[in-house]
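*Asks:* Below you will find the structure I want to go over with you.
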């Protein structure tokens, strides 16, 4: 029998050129009992994935974690204090950790607000005048795009109306 | 907005998370703790949308980071999760490996000698069947980098495994 | 000892940093190797400075009210492969369709097209507004985060916004040009 196809797939597998489907084909092939001698060395390599996928956690894990999640005081157990809260350090890194953890704590009770990572924003402009120029241009483009979409009504999925009610899906 | 339900959205991920954590920590008890920490952390932040596409990708990313973190904190754990080819001891956990087959045990150990990134990529691709895009999202790297790590991992395993087997003959 | 703790914090930060990114940041991350993309950022701090500057204090057009609702702006653009970039961005928005809802779009025979998405929280509260636009080979993402709602969008749509430099707004040919940093 000609194993050329499998051999080609194997070459591509080592080159990481195979798709998920092709990798599934290889695994299926090596799952067979009778694999030709020259391909035998690879049998375990592919059988490995099957075996690994069989591993997991038992039902008792479910019980344990559900007990914690469905408790009203889940907040207290959320993050192991011993590893995260180290108040004596001056490193900015630690300050960030503590601040972010504090923010998480608040979110349990406050109205949810997304925490965009604004610290990662590096300002392009150094003065507000230039920034303003850019912002007003951008606003104008957005405004214009809304207007254009209204005149092309058949293309929009749902134009934003003045009334509130139709905003909801 | 999107309502995340613990039982339906988070809990079902337990096995995948466990396998990833196990791959990184090489210790079942540690891995289980990591999964628990991951789920509680993600659950406590459920009002926030994670930056990654899906809850699953976000959970995998958190799980990976916690597993790396935990590996580093272990006193008896080897220090390097980097390019070290030191033969890892079986640690304190004789039940680390779920498979009894000697060949598969060997593979488990070989994969354990890979640097963490390569291990994780191999795990997410060959065992969990994730696309390069999904893996890139979990690791916060480019797809190119995913492919590079996968390439090195597969090649190393192939070389070492076939070498050992040839020698054993 | 200190190194271990530092690494712990670093790991925690990495987990934290995995959290909220706006669409533009996410697009830049997903297209890391693409050297044709440029990103302009205006942070919340700079937004405040705008409002405090002459612009904000002497405003007669209503633009200050609009800017007051914004927390940040990011603009991504490219002069090359407008359609490929646009399609990639659009598919990203579709992938995150639970997060981003399309509220407006138009398509002029593929030569000029746009999609506008909003990210909402607790119903009416719009926290992010994203415009994807393609004009021939040019691609633009305009991404605002802030405190918006449908009334805000209404005002934005119907206010004649001044173009920096004082020219009439509606018929600006290539508004994107002014966004470029030299």
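*Asks:* In region C:95-146, how many are facing chain A (nearest Cβ under 7 Å) and more than 22 Å from residue C:83 (Cα to Cα)?
*Replies:* 6
*Asks:* Moving on to the next point. Please specify each residue of region B:117-137 satisfying the condition of being farther than 24 Å from residue A:55 by Cβ and either surrounded by 20 or more Cβ atoms within 10 Å (Cβ to Cβ) or at pLDDT below 90 (or both).
*Replies:* Scanning region B:117-137 gives a single hit, B:136.
*Asks:* Still on this structure: For residues that are in contact with a helix residue (DSSP H, G or I) (Cβ under 9 Å, 6 or more places away or on another chain) and in contact (Cβ under 8 Å) with a residue 40 or more places away in the chain, scanning just region C:32-49, find the one that is farthest from the other protein chains (Cβ to nearest Cβ).
*Replies:* C:36
*Asks:* I would also like to ask the following. Let me spell it out: the conditions are (1) within 11 Å of chain A (Cβ to nearest Cβ); (2) surrounded by fewer than 20 Cβ atoms within 10 Å (Cβ to Cβ); (3) in contact (Cβ under 8 Å) with a residue 60 or more places away in the chain, and residue B:140 meets all of them except one. Which number is the exception?
*Replies:* Evaluating residue B:140 over (1) within 11 Å of chain A (Cβ to nearest Cβ); (2) surrounded by fewer than 20 Cβ atoms within 10 Å (Cβ to Cβ); (3) in contact (Cβ under 8 Å) with a residue 60 or more places away in the chain leaves (1) as the failure.
*Asks:* I'd like to verify a number: residues in region A:18-56 that are outside any helix (DSSP H, G or I) and either touching a strand residue (DSSP E or B) at 6+ places or on another chain (Cβ under 9 Å) or closer than 16 Å to residue B:124 by Cβ (or both), how many?
*Replies:* 4
*Asks:* Restricting region B:3-38 to residues that are free of Cβ contacts under 8 Å to residues at least 12 places away in the same chain and under 25 Å from residue A:50 (Cβ atoms), which is surrounded by the fewest Cβ atoms within 10 Å (Cβ to Cβ)?
*Replies:* Within region B:3-38, the match that is surrounded by the fewest Cβ atoms within 10 Å (Cβ to Cβ) is B:12.
*Asks:* Failed condition for residue A:27, given (1) modelled with pLDDT of 90 or more; (2) away from chain B (no Cβ under 12 Å), with all others met?
*Replies:* If we test residue A:27 against (1) modelled with pLDDT of 90 or more; (2) away from chain B (no Cβ under 12 Å), just (2) comes out false.
*Asks:* Another question, if that's okay. Any residue in region C:77-86 that is touching a helix residue (DSSP H, G or I) at 6+ places or on another chain (Cβ under 9 Å), within 11 Å of chain A (Cβ to nearest Cβ), at pLDDT 90 or above and not in a helix (DSSP H, G or I)?
*Replies:* Within region C:77-86 (the criterion being touching a helix residue (DSSP H, G or I) at 6+ places or on another chain (Cβ under 9 Å), within 11 Å of chain A (Cβ to nearest Cβ), at pLDDT 90 or above and not in a helix (DSSP H, G or I)), the answer is yes, since at least one residue qualifies.
The values are calculated or read from the model by the stated rules, or taken from the named source; none is laboratory data. Just so you know, these numbers come straight off a predicted model, no measurement behind them. Cβ coordinates were reconstructed from backbone atoms using ideal geometry, including for glycine residues, and neighbour counts include every protein chain displayed.
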